Amino acid sequence: MAKTPSKSPRKSTSMSLDADLLAEARALGVNISRAAEKGLEEAVKRERTLAWQKEHAGAIETFNDWIEKNGLPLAQYRKF
């Protein structure tokens, strides 16, 4: 699913990139800013997911233990 463009204003920044990779990206016509932004979005999403999993690990473990002991809720209604 495509992400809708951010309504947040763009901010200029400076970063260091591998010179060979940058040269190849430019030669291929890659929009460096958009590619970096996409990579940063993915890294932020991944880190948010990991933080959520860490924060909720206890509840997830408790729920999984409950399922092990009691089975799935409403399992009698499953058709498979």
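Every number in this text was worked out from the coordinates using simple rules, so none of it is lab data. Note that the structure is a prediction, hence the values are computed from the model and not measured.
For the chain, what is the number of Lys pairs with C-alpha distance below 17 angstrom, counting only pairs 8 or more positions apart or on separate chains? Intermediate values should be presented prior to the final figure.
Values: LYS3/LYS38; LYS3/LYS45; LYS7/LYS38; LYS11/LYS38; LYS45/LYS54.
Count of close lysine pairs: 5.
Counting only Cα atoms, I'd like the Rg/Rh figure for the chain, Kirkwood definition for Rh.
Taking Rh as the inverse mean 1/r over Cα pairs, Rg/Rh reads 1.25.
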